[in-house]
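> This is the structure I want to talk about, given as structure tokens.
The values are calculated or read from the model by the stated rules, or taken from the named source; none is laboratory data. Here the structure is a predicted model, which is why all the values come from computation and not from measurement. Glycine also receives a Cβ, built like all others from the backbone with ideal geometry; neighbour counts cover every protein chain displayed. Areas reflect the complete protein model, heavy atoms only, side chains present, ligands, DNA and RNA absent. Shrake-Rupley method; radii C 1.70, N 1.55, O 1.52, S 1.80 Å.
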Amino acid sequence: MKHQTENREDPPEAAPTTRRAALAGSLAAALAIPFSRHSFGESEARWPNRAVKVVVPYPAGGSIDVLARILADHLKVRLGQSFVVENKPGAGGNIGIAAVTTSPADGYTIGAATVGQFAINQYLYPHMPFDPERDFVPVTLIYDTPNVFVVPAEHVPARTLEAFVEWARARGGVSYGSPGVGTSPHLSAALFATRTGIGGTHVPFRGASQTIPAMLAGDVAYAIDNLASYVSSIQSGKIRALAVTSAERWPVLPDVPTMAEAGMPDFVVTSWAGFVVPAATPRPMIDRLGAAMQALAADPGIRHRFEVLGARCLASTPEAAAARAARERPMWQEMVRVSGARGGSG
């Protein structure tokens with residue numbers, strides 16, 4: 001994912017070398033995935049032979065929940081067993097993914113982890129209930145989606161990003177919503193407020209299902225949140241989209257400019273997610289689930305359904321998913337520092 005929203009302050013002289021060394025070490029560690037090497041027994045050969053639980057670490061109704069449920073329905077058809085979604089929100093997704101890491105490594109508990117659990121929360125929470133580089137392994141990436149800069153049409157008159165900045169400055173600062181402290185929407189909006197100098201108060205919610213009503217009520221002036229959570233509200237006209245954070249315009253909103261086109265260069269952000277399993281899960285089970293996702297991601301009907309919802313369906317090897325997380329960790333660490341965000345006890 002291309003992303004250039006780092007802080008523009010000059011780092012200490014030794015920082016680039018330190019970050020490169022840290023990145024190289026993280027990447028090497030990520031690729032040394034501790035998959036179980038024990039023999040492929042009869043129960044594994046028949047996997048899945050009962051229902052599989054898919055833990056979504058956020059409330060129902062958000063982008064990860066909606067997209068994971070679509071995949072669960074199609075995995076049931078492809079693999080012949082039910083894939084049952086269970087929402088287990090809290091602590092920036094840590095509670096749900098922690099439950100996955102402590103589950104039996106038998107292939108029957110899968111987590112739908114976002115970039116937060118892969119690459120952000122370890123810098124946000126002083127005490128993590130799991131180690132993202134040791135306690136779970138990725139199976140495959142499942143989607144990415146840009147963030148979208150949105151305002152409530154009834155309460156904010158601005159129709160361009162430039163006009164919004166002028167409006168916000170005239171008011172002496174405005175509030176912005178996000179699905180939680182340290183999420184990519186929070187970090188994106190905090191960075192926007194810093195770079196434009198508009199000031200702002202962060203109002204965290206438990207997901208877009210709470211943020212959107214607050215925006216419509218005029219309680220928050222804007223959000224830079226996952227597009228997949230806002231498509232229907234934008235299309236209804238209640239929420240106005242001023243820009244998308246992808247490098248190019250997004251197919252479902254062809255008339256909405258990118259942040260660069262709207263006057264905010266170097267602001268490319270996509271949120272992404274992947275399926276993860278406990279670290280000792282046998283590799284053959286991982287490969288079978290990964291192969292099923294490869295087939296789903298290649299299906300034109302599924303790809304179209306994701307695009308309509310504001311996301312792109314993906315599939316990858318476990319190693320590629322681990323490498324993406326390792327590659328992005330230094331970037332997100334810097335964004336957490338710039339934002340001043342701090343999570344709870346985790």
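> LYS76 accessible area, nearest 10 Å², 1.4 Å probe?
110
> Any idea of the accessible area per residue across the chain, 1.4 Å probe, to the nearest Å²?
41
> Roughly what would the spin-label model give for ARG78 and ARG206, points 7 Å off Cα along C-beta, in nm?
Roughly 3.2 nm, to one decimal.
> D for the chain, whole µm²/s, Stokes-Einstein with Kirkwood Rh over alpha-carbon pairs at 25 °C and 0.890 mPa s: what number?
Here the translational diffusion coefficient equals 120 µm²/s.
> For q values of 0.17, 0.19 Å⁻¹, compute log₁₀ I(q)/I(0) with the Debye formula on a Cα-only model of region 78-170, without solvent.
-0.82, -0.92
> If we restrict to alpha carbons, what Rg and Dmax does region 209-339 come to, in Å?
Taking only Cα atoms of region 209-339, I get Rg and Dmax of 17.6, 51 Å.
> Given a Förster distance of 35 angstrom, what is the FRET efficiency for ARG337 paired with ARG46, based on the Cβ-Cβ distance and rounded to 0.05?
So, using R0 = 35 Å, E works out to roughly 0.15.
> Still on this model: For region 95-155 and region 182-221, compute the distance between their C-alpha centroids and round to whole Å.
Between the Cα centres of region 95-155 and region 182-221 lies a distance of 20 Å.
> Rounded to the nearest percent, how much of the accessible area of the chain (1.4 Å probe, protein heavy atoms only) is carbon and sulfur?
Carbon and sulfur: 52 percent of the exposed surface of the chain.
> Could you order THR317, THR211 so the one with the most accessible surface comes first? Probe is 1.4 Å.
THR317, THR211
> If each of ALA280 and GLU86 carries a label point 7 Å out from its Cα toward its Cβ, how far apart are those two points in nm?
Simple spin-label model gives 1.9 nm for this pair.
> Mind checking the full-extension length gain between ILE95 and ASP287? Use 0.36 nm per residue of separation minus the Cα-Cα distance, one decimal, nm.
Result: 66.5 nm gained on full extension.
> Spin-label point model (7 Å from Cα, Cβ direction): what's the ALA298 to ARG171 distance in nm?
4.9
> Still on this structure, please answer the following. Please find, in a Gaussian network model of the chain (springs between Cα atoms separated by less than 10 Å), the residue of ARG171, ARG329, ARG206 whose mean-square fluctuation is greatest.
ARG171
> To continue, here is another question. Roughly speaking, what is the stretch gain from ASP219 to ASP131, that is 0.36 nm per residue apart minus the C-alpha to C-alpha distance, in nm to one decimal?
So the extension gain works out to 28.0 nm.
> Cα axis of helix 283-297 to longest principal axis of the chain: angle in degrees, 0 to 90, nearest 10?
50
> Can you figure out the FRET efficiency of GLU319 with THR194, using R₀ = 30 Å and their beta-carbon distance, to the nearest 0.05?
Result of the calculation: an efficiency of 0.30.
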